[in-house]
Amino acid sequence: MSTYVVLVNERPESHAALDWALQIVEAFPCTADIKLHVILGPSTDIPGGPRYVSPSLSEDVAKQLKDSGLTHEIHFGATDPVDRVIRLAEEVKADLVVIGMQKRSATLKLIIGSYARDILIDAPCPVVAVKE
């Protein structure tokens, strides 16, 4: 069985990451052998920024996954998405992590950091970063 971990939040690139994962998985001849673990995380990595996940995000993601017919599990309450993604990928022995990546200037990346950068560096498996 192949296992994918997908980080989803309110940002458009995050939705693009989930869409990409679903498209790739649906392209396989036997989707019954694939499980998606979707982590709902906050939409900002700015220190002190809001750590809010809207109920509509949870509902939209749940509906999208149910409609896909794929085996999945949704994980809530990721206050530290980087740690949650890394730990979950290790726990489920993920074959792939899928994340959204927003475009930032080099200066902005240096000042406020990036979930994507940290996940790319620390993930125990290959990572696909999807832009909107």
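The values are calculated or read from the model by the stated rules, or taken from the named source; none is laboratory data. Since we're looking at a predicted model, the values are computed, not measured. All Cβ positions, even for glycine, are placed from backbone atoms using ideal geometry, and neighbour counts span all protein chains on display. Keep in mind that these areas ignore ligands, DNA and RNA; they rest on the heavy atoms of the full protein, side chains included. Shrake-Rupley method; radii C 1.70, N 1.55, O 1.52, S 1.80 Å.
Conditions first: (1) within 22 Å of residue 12 (Cβ to Cβ); (2) at pLDDT 90 or above. Residue 86 passes all but one, so which condition is the exception?
Answer for residue 86: the failing condition is (1).
Does the range 52-96 hold any residues that are open to solvent by less than 20 Å² (accessible area, probe 1.4 Å) and either over 15 Å from the mean Cα position of the chain (by Cα) or of a type in the set (D, E, K, R) (or both), and which are they?
Scanning the range 52-96 gives 54, 70.
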